[in-house]
Amino acid sequence: MKLLFVADPLEAFKVYKDTTFSMMREAQRRGHAVAACEPRHLSWRSGGPVQARVREIRLTGSDEDWFVETADGVRALRDFDAVLMRKDPPFDPEYFYATHLLEQAEREGARVFNSPRALRDHPEKLAVMEFPQFVAPTLVTRDPEEVRRFHAEHREIILKPLDGMGGMGIFRVGADGLNLGSITETLNGQGDTTIMVQRFVPEIVQGDKRILVIGGQPVPFSLARIPQGSEVRGNLAAGGKGVAQPLTPRDREIAQALGPLLAARGLLLVGLDVIGDWLTEINVTSPTCFQEIHQQAGFDVPAMFVDALEAALAG
């Protein structure tokens, strides 16, 4: 098969932990051809198909110069067996426009994973609100007074922007309400921006668990991102320590309830974030942690992913 990865610049990959790299490596191991482009290389000329300036590559097996470019040129996306959208957030206007180009490529016959429409329909923080049975008390609002009332009810809360990533912009406010007004103003711009407020879940000290769901089925190990020192955030990008561990019964309950539903919507790969017993985010843009789980627990996540991709293309 010929696979096209729409991703960040190849030269910026940290191959010792990069999930997209691990997908490419497993695909090449099975004899599939690997190519890559960035979203900025997508184009659509009236009367023609969606195209991209593509780099065909071969992985070398080295961590230093990890790939060689074997060819480059403009290709129609429909000429590939699969197009994998792996551009990291933020989900900004350019990401949004890229999903529309990818959706047009689908109409022309391309197979795109995750589905561009599903990427737009599942904003990673808001998506949890569809499943209140698995979510700790949560408020989405622009109104500072609603935030104050929520705090008065739950006493200890987390506030965060809807478009944040890697733990950026997350604040914890204790029972004393210290700086609540200032934090709310900072996040919601005097009422101009919608934010999310959640009851604080103290089990964060045990880790913010990333549960991977592939083709509707959970990977049997999560990666618990454990906050370090005085930090409240477990995100690896915020200095959290990743520890692979078997899924708990509650983890499995959440994953098995959501997995088939999300897969049916075109989401081949999903990352569920769970703190304690509570779902906090549904990551659909470019879920990670393949290599950490594989290295620590011995479970071959890239192989499970490529198995699911091959099955989806054969179906």
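The values are calculated or read from the model by the stated rules, or taken from the named source; none is laboratory data. Owing to the predicted nature of the structure, the values given are computational and were not obtained by experimental measurement. Protein only, heavy atoms only, side chains kept; ligands, DNA and RNA dropped before computing areas. Shrake-Rupley method; radii C 1.70, N 1.55, O 1.52, S 1.80 Å.
General observations
- Computed 3J(HN,Hα) for region 142-150, one whole-Hz value per residue from the Karplus formula 6.51 cos²θ - 1.76 cosθ + 1.60 where θ = phi - 60°, is 10, 8, x, 5, 5, 4, 5, 5, 5, glycine and proline marked x.
- Put simply, the amide H of V54, placed in the peptide plane, has neighbours under 5 Å in G73, V74, R75, leaving out anything fewer than 5 places away on its chain.
- Exposure of V74 as accessible area (Å², to 10), given a probe of 1.4 Å and all protein chains: 80 Å²
- Given a 1.4 Å probe and the protein chains as shown, R199 ends up with an accessible area of around 80 Å².
- Å² per residue, accessible surface of the chain at 1.4 Å: 45 Å²
- Table column - 3J(HN,Hα) (Hz), region 124-134, Karplus curve with 6.51, -1.76, 1.60, x for Gly and Pro: 5, 8, 5, 4, 5, 5, 5, 10, x, 5, 10
- Mean Cα-pair separation over length for region 55-190, i.e. relative contact order, pairs under 8 Å, 6 or more apart, %: 16 percent
- Surface share of carbon and sulfur [accessible, 1.4 angstrom probe, percent] for region 246-315: 56 percent
- Against the chain, whose longest principal axis is taken from its Cα atoms, helix 19-29 shows a tilt of about 30°.
- Apportionment of accessible area to carbon and sulfur, region 54-110, percent (1.4 Å): 45 percent
- For region 1-104, the relative contact order comes to 33 percent (Cα pairs under 8 Å, sequence separation of at least 6).
- Of the residues Y16, Y95, the one with the largest accessible area comes first in the ranking Y16, Y95, computed with a 1.4 Å probe on protein heavy atoms.
- Helix 249-264 and the longest principal axis of the Cα set of the chain meet at an angle near 50°.
- Three-way shape label, the chain, alpha-carbon gyration tensor, a/c 1.5: prolate
- Amide H within-cut-off set for M196, under 5 Å, with H built and near neighbours excluded: K160, L162
- For the residues R58, R30, R107, a 1.4 Å probe over the protein chains yields an accessible-area ranking, largest first, of R107, R58, R30.
- Principal-axis analysis of the Cα atoms of the chain puts helix 93-107 at an angle of about 50° to the longest axis.
- Whole-number percent relative contact order across the chain, with pairs defined as alpha carbons under 8 Å at least 6 apart: 18 percent
- Amide hydrogen neighbours beyond the local backbone of I226, cut-off 5 Å, H modeled: D208, K241, G242, V243
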